[in-house]
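The values are calculated or read from the model by the stated rules, or taken from the named source; none is laboratory data. Remember, predicted model here, so these are calculated numbers, not experimental data. As a convention, Cβ positions derive from the backbone with ideal geometry for all residues, glycine included, and neighbour counts pool all protein chains shown.
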Amino acid sequence: MKRRKILYKKIARERIDRLFELALEEALSHNFKRADRYVEIARDIGMKYLVRIPRKYNLFFCKKCYRFLLPGKTAKVRINRGKLVITCNYCSFIRRIPLKAKAENI
């Protein structure tokens with residue numbers, strides 16, 4: 001049973017990756033409804049199989065309205081006081097992500 005569960009999670013990760021790639025393609029071709037639907041399906045798969053959405057994709061959707069965020073089109077991205085500020089243009093949700101300074105040789 002455990003082997004089957006691991007296989008399901010692997011397939012779920014692959015599908016989530018593919019769905020976010022498709023969402024990006026659709027958003028770039030100005031089909032935002034379909035991109036939002038792909039994000040919704042990817043979230044559903046992640047919740048069903050208990051698979052976390054990778055961080056590289058986690059920044060591409062709004063935590064409040066779950067819409068696909070494309071900087072410059074559906075989201076506003078700024079750097080303010082050492083934080084990356086992402087504002088959703090649909091629901092005006094503001095997400096702040098701290099930017100860590102890389103420690104260099106002191």
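How about segment 19-33: which of its residues are of a type outside the set (A, V, I, L, M, F, W, C) and either loosely packed, with under 15 Cβ neighbours inside 10 Å or modelled with pLDDT under 95 (or both)? Hits for segment 19-33 are 21, 25, 29, 30, 31, 33. When the strands (runs of 3 or more DSSP E) confined to segment 42-106 are screened for residues that are closer than 30 Å to residue 7 by Cβ and at pLDDT 95 or above, none reaches at least 2 such residues.
Residue under question is residue 41, and the condition is that it be touching a residue at least 12 places away in the same chain (Cβ under 8 Å), of a type outside the set (Ser, Thr, Tyr) and surrounded by 12 or more Cβ atoms within 10 Å (Cβ to Cβ); does it hold?
On the way: touching a residue at least 12 places away in the same chain (Cβ under 8 Å): yes; of a type outside the set (Ser, Thr, Tyr): yes; surrounded by 12 or more Cβ atoms within 10 Å (Cβ to Cβ): yes.
Against the criterion (touching a residue at least 12 places away in the same chain (Cβ under 8 Å), of a type outside the set (Ser, Thr, Tyr) and surrounded by 12 or more Cβ atoms within 10 Å (Cβ to Cβ)), residue 41 qualifies.
If you scan segment 55-106, which residues turn out to be in contact (Cβ under 8 Å) with a residue 40 or more places away in the chain and within 22 Å of residue 15 (Cβ to Cβ)? Passing the criteria: 57, 60, 68, 70.
Any chance segment 68-87 includes a residue that's aromatic (Phe, Trp, Tyr) and over 11 Å from the mean Cα position of the chain (by Cα)? No, there is no match, as no residue in segment 68-87 is aromatic (Phe, Trp, Tyr) and over 11 Å from the mean Cα position of the chain (by Cα). Going through (1) surrounded by 13 or more Cβ atoms within 10 Å (Cβ to Cβ); (2) within 12 Å of the chain's Cα centre (by Cα) one by one, residue 55 falls short only on (1). Condition check for residue 16 on (1) out of contact with any Lys or Arg (no Cβ under 7 Å at 6 or more places or on another chain); (2) of a type in the set (A, V, I, L, M); (3) surrounded by 11 or more Cβ atoms within 10 Å (Cβ to Cβ); (4) not in a helix (DSSP H, G or I): one failure, at (4).
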